[in-house]
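Just so you know, all these numbers are worked out from the coordinates, no wet-lab data involved. Everything quoted here is computed from the prediction, not taken from an experiment. FYI the Cβ positions are ideal-geometry reconstructions off the backbone, even for glycines, and counts take in every protein chain you see.
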Amino acid sequence: MKAYLIRPNILFFENKAYKIEPTKGFGGFCECGGKMNQLGWVGNWIMISECESCWRIEAFLYENFKFVGRFEIRVIDLKDFLKEFLSESELDSIFKKANGLDYSYSSFSRAKKKLEEMNVSLDEILRELRRAEFSK
C-alpha cells in the first residue's frame with residue numbers, strides 16, 4: 001500500500017488525505033524488536049506509530065476495533081508531496097500564491113481541484129507553505 005506521512009499531522013492513504021489526531025502511548029513492537037510509540041490516530045481505524053530504535057513509521061489498520069494489518073509509511077515533505085501530484089505550472093502557481101506573487105489563476109484552479117479531490121485543503125497547504133517560508 002502506498003501511504004505517506006506529511007509532517008506534522010496528515011496521512012495520505014488510498015488517494016485521500018486524513019488529519020491525524022496526535023496521541024501518546026504504546027504502539028506495538030517493530031520488526032527490529034524495538035518498542036513503537038503512537039504518533040496519532042485517524043478516526044478509530046488507523047494508528048500511526050514510530051519505532052524508538054530504528055525510527056520506522058507504520059500504520060496499524062483496524063476494522064470494527066479488530067486489527068487487520070500493518071504497513072510502512074513513507075515520511076515526505078509537503079513540497080515533495082505536492083511535486084508528486086501536481087504539474088510544474090500548478091505547483092508554481094501555489095508557491096507564488098503562498099508568497100503573494102502574481103500567479104496563473106487557471107493553474108491554481110486546476111491544482112485546487114486536484115487537491116480537493118484528495119481531501120487536501122488548499123488553505124491549509126498555503127498556510128503551511130507561508131509558515132515554512134517564514135521559518136527559514
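Scalar couplings 3J(HN,Hα) for segment 3-9, obtained by applying the Karplus form with A = 6.51, B = -1.76, C = 1.60 to θ = phi - 60°, are 9, 10, 9, 9, 4, x, 8 Hz; x denotes Gly and Pro. Taking other residues whose beta carbon is less than 12 angstrom from the beta carbon of Asn37, and scoring Lys, Arg as +1 and Asp, Glu as -1, yields 0.
Which of Lys2/Lys113; Lys16/Lys113; Lys2/Lys97; Lys16/Lys96 have a Cα-Cα distance over 18 Å? Where the Cα-Cα span goes over 18 Å, the pairs concerned are Lys2/Lys113; Lys2/Lys97; Lys16/Lys96. Calculated over segment 1-46, the projected area of the Cα convex hull averaged across directions stands at 3.7 nm². The structure shown yields semi-axes √(5λ) of the Cα gyration tensor in Å, and of the options (i) 27, 17, 11; (ii) 40, 16, 11; (iii) 32, 16, 12 that calculated value carries the label (iii).
Counting pairs of alpha carbon atoms under 8 Å apart in space and at least six apart in sequence, what relative contact order in percent does segment 1-108 give?
The normalised contact order for segment 1-108 reaches 18 percent.
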